[in-house]
Amino acid sequence: MKRESSIQPIVSSMNEMIQQENQNDMLLQKMAASVEEAKLKTISNQKVTDLEQNMIPKVNQAKSQITEYKKAVESVKEKFQQVKQQATTLKDPSIQKPAQQFLTDFETSIQTELSIATKYEQLLQNQSEAIQAIIKSNPLPTDNSDQLVTEIDQLVSLFQEQVAKLNASYQKVLSV
């Protein structure tokens, strides 16, 4: 009975973090859709008025969604630090080991999420600069958007693998 009571608050906190992360995933999908709508490749063929009326608001919307997403991930990261601290109270190795594995997997996935958001920010910065160049009739700046898109795709794939690993480690915690 003592065993169950020592991990129960931690499992409860883990559940909260996972629920918040699931909500963050929805934010990430909305953000990715907004970035897709404001795609750089479509910018160069548009008239200045279309850019000003359509693309700038789309880029700004995507930027605000990235900000919202990063804040949400940072919030989970703060909660994570509390759970990590709670886990230090676990003394039984049969409980401690799965809990530590879950925390390691969770921390890795949070770092990947923040990397994804940073790459999206860089991509949107490129888009903003391209829009401004077209509006001002300047040549398009050289950028690394294609490389950023490739990196984002790689990070998203990595994140999906990490989530699968995280889910597996969480199931081990629940089975303790």
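The values are calculated or read from the model by the stated rules, or taken from the named source; none is laboratory data. Since the model is a prediction, treat every value here as computed from it, not as a measurement. When we count neighbours, we look across all protein chains shown, and the Cβ atoms used for this are built from the backbone with ideal geometry, even at glycine. The accessibility values were calculated without ligands, DNA or RNA, using every heavy atom of the protein model including side chains. Shrake-Rupley method; radii C 1.70, N 1.55, O 1.52, S 1.80 Å.
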Cα-Cα pairs above 23 Å in the range 63-165: how many percent?
-> 44
Heavy-atom accessible area of the chain with neighbours in place, 1.4 angstrom probe: carbon+sulfur share in percent works out to 51
Quick one: which of K47/K77; K58/K172; K63/K165 span more than 32 angstrom between C-alpha atoms?
-> K47/K77; K58/K172
With the 8 Å Cα cutoff and a minimum separation of six or more residues, the chain has a relative contact order in percent of 30
Accessible area per residue in Å² at 1.4 Å probe, computed on the range 45-176 | 55
Expressed in whole Å with the largest first, what are the equivalent ellipsoid semi-axes of the chain derived from the C-alpha gyration tensor as the square root of 5 times each eigenvalue?
-> 43, 14, 11
Report the net charge of residues surrounding T104, where surrounding means a beta-carbon distance below 11 angstrom and charges are Lys +1, Arg +1, Asp -1, Glu -1.
-> +1
Report, in degrees rounded to the nearest 10, the 0 to 90 angle that the Cα long axis of helix 2-37 makes with the longest principal axis of the chain.
-> 10
Cross-link reach from K136 to aspartates and glutamates, straight Cα distance under 19 Å and at least 8 residues apart if same chain, gives D50, E52
